[in-house]
Amino acid sequence: MKLAISGKGGVGKTTIASNLIKHFADQGYHVYAVDADPDTSLGMTLGLPEEKLGNLKPIVEMRQLISERTGGNGAYFSLNPEVETLLDDYTIKHGNIKFLKMGAVKPGGSACYCRENTVLNALINSLIVKRQEMVVLDMSAGIEHLTRGTARGVDLMLIVTEPTLVSVQTALVVQKLASEIGVKKIKFVGNKLRNAKDEEFILNHLPPGDVIGLIHFQTEILDQAAGFAGEQSFTAKGISELASRLFN
């Protein structure tokens, strides 16, 4: 399965992503954990060794490497760069998890990021099309990655939302854009729910048949998101049930 996880900033998508990755890895799956968020916090939330994370530079920032893969520094460059070895050479292997820090393009000034976009999209396509392992993409917050078509071709997009109008509205915009770029299966998970009223809010504001998970507020999740959990095998309540529904 190739899974992309999206949502408004702060809703807990990275925590949901890391819990699903750990769950699948514990179940014996080999999982590519792809951090496609410019905040690049997935590795820490997974409890990967800090010294390894500190030495792993986001691929988008490797300008010399990107230049080599796209054909040099001239005006013309390859739109189909060879990226297979990047997946082997620039990952952190941790048990059944292979962690890849992609980073994200932040356009500004007069700089052109066409080469970087080409390499990032080629990496995503290689993971989705050619690799047999499970792939979980922790996408950047909001909708920017969808306007670039980065998540096109995944089996499922899981949109994480809190029980607030702003978060739900963003989730619905993400759903619309994901559908427009060809993502065929799109589901929602409500996160940080504190009571039955929050559950009712999610179910009343989103298509009920498309809500496949309701994750309640848990103090341990905050500790994990802050990096306090380390490598301990904490799994948020409701993750196992959510994971099983992803295949339905």
(message) Using amide H atoms built in the peptide plane, which far-off residues or other-chain residues are under 5 Å from Phe217 H to H?
(response) Lys192, Leu193, Arg194
(request) Could you tell me which of the pairs Lys22/Lys197; Lys8/Lys184; Lys13/Lys57; Lys22/Lys192; Lys13/Lys93; Lys2/Lys237 are separated by over 25 angstrom between their Cα atoms in the structure shown? (result) Lys22/Lys197
(request) Show the residues, 5+ positions off or on another chain, whose built amide H is closer than 5 Å to the amide H of Lys98. (result) Val31, Tyr32, Ala33
(request) Could you go through segment 203-211 in sequence order and give the Karplus-derived ³J(HN,Hα) for each residue, using 6.51 cos²θ - 1.76 cosθ + 1.60 with θ = phi - 60°, rounded to whole Hz, and x for Gly and Pro? (result) 5, 7, 9, 10, x, x, x, 9, 8
(message) Taking θ = phi - 60°, what integer Hz values does the Karplus form 6.51 cos²θ - 1.76 cosθ + 1.60 yield along segment 13-24, in sequence order, with x for Gly and Pro?
(response) 5, 5, 5, 4, 4, 5, 5, 5, 4, 4, 4, 5
(message) Using a 1.4 Å probe on the protein heavy atoms, what percent of the accessible area of segment 168-216 belongs to carbon and sulfur?
(response) 53
(message) 5 Å is the cut-off here: which amide hydrogens, built 1.01 Å from N in the peptide plane, fall below it relative to Gly7, excluding neighbours closer than 5 in sequence?
(response) Gly142, Val160
(message) What are the ³J(HN,Hα) couplings of segment 165-178, residue after residue, when phi is run through the Karplus curve with 6.51, -1.76, 1.60 and θ = phi - 60°? Round to Hz, x for glycine and proline.
(response) 4, 4, 5, 5, 4, 4, 4, 6, 5, 4, 4, 4, 5, 4
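The values are calculated or read from the model by the stated rules, or taken from the named source; none is laboratory data. Given the structure is predicted, the values throughout are model-derived calculations rather than measurements. Heads up: the accessible areas ignore ligands, DNA and RNA and are worked out on the full protein's heavy atoms, side chains in. Shrake-Rupley method; radii C 1.70, N 1.55, O 1.52, S 1.80 Å.
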